[in-house]
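Notes for the one structure printed next.
The values are calculated or read from the model by the stated rules, or taken from the named source; none is laboratory data. Not measured: the values here are computed from a predicted model. Glycine gets a Cβ as well: all are built from the backbone with ideal geometry, and neighbour counts include every protein chain shown. In case anyone asks, the SASA skips ligands and DNA or RNA and just uses the protein heavy atoms, side chains included. Shrake-Rupley method; radii C 1.70, N 1.55, O 1.52, S 1.80 Å.
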Amino acid sequence: MIEQDTIKLLRECDAGVKMGTASIDEVLDYVKSKSLKTYLADCKAEHNRLEKEIERRLDSFGDEGKTPNPMAKGMSWLKTNVKLLVDESDETIADLMTDGCNMGVKSLNKYLNEYKAAEEYSKDIAKRLINLEERLTIDIRKYL
């Protein structure tokens with residue numbers, strides 16, 4: 001039970017961290033403010049570090065991880081590109097990123113509650129990812 005919950009939680013973290021990185025990549029070229037670009041780039045770098053840690057942990061269980069749901073990824077891409085087509089402002093980017101982070105935080109908390117038997121190290125990874133997403137939403141509020 002512990003191993004199964006651990007793997008399931010890590011898979012969800014893997015999909016979430018990949019989704020976050022892809023979302024940042026989609027908007028980075030549109031950012032006008034140097035400080036907003038720095039917040040996003042720093043967050044992306046943290047996502048990449050967590051992704052490597054998640055992959056190492058999943059490898060230790062012989063698991064390949066999880067890619068983001070193609071439907072969710074497609075809907076995110078569509079929403080992002082339509083909104084940016086209408087308004088390429090930093091405000092729009094901050095709004096999109098805040099929505100994405102909030103969805104990630106909600107999902108990861110749900111998985112933490114669902115996979116209660118997961119090992120503490122994996123729960124810690126999920127909590128660090130949640131904190132990273134929450135911190136970004138706080139940092140970019142001034143652009144809303």
Restricting the stretch 115-125 to residues that are open to solvent by 80 Å² or more (accessible area, probe 1.4 Å) and in contact (Cβ under 8 Å) with a residue 60 or more places away in the chain, the residue that is farthest from the chain's Cα centre (by Cα): Lys116
So, first residue in a loop (DSSP other than H, G, I, E, B) in the stretch 129-144, second residue open to solvent by 50 Å² or more (accessible area, probe 1.4 Å) and not β-branched (Val, Ile, Thr), Cβ within less than 8 Å, six or more apart or across chains; the pairs are Ile140/Tyr39; Leu144/Glu91; Leu144/Asp95
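In the stretch 31-41, how many residues are of a type outside the set (Gly, Ala, Ser), touching a helix residue (DSSP H, G or I) at 6+ places or on another chain (Cβ under 9 Å) and surrounded by fewer than 17 Cβ atoms within 10 Å (Cβ to Cβ)?
Result for the stretch 31-41: 1.
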The number of residues in the stretch 126-143 that are among the acidic types (Asp, Glu) and open to solvent by 20 Å² or more (accessible area, probe 1.4 Å) is 2
Looking at (1) under 24 Å from Val31 (Cα atoms); (2) of a type outside the set (Val, Ile, Thr); (3) in contact with a helix residue (DSSP H, G or I) (Cβ under 7 Å, 6 or more places away or on another chain), can you tell me which one Tyr115 breaks? (1)
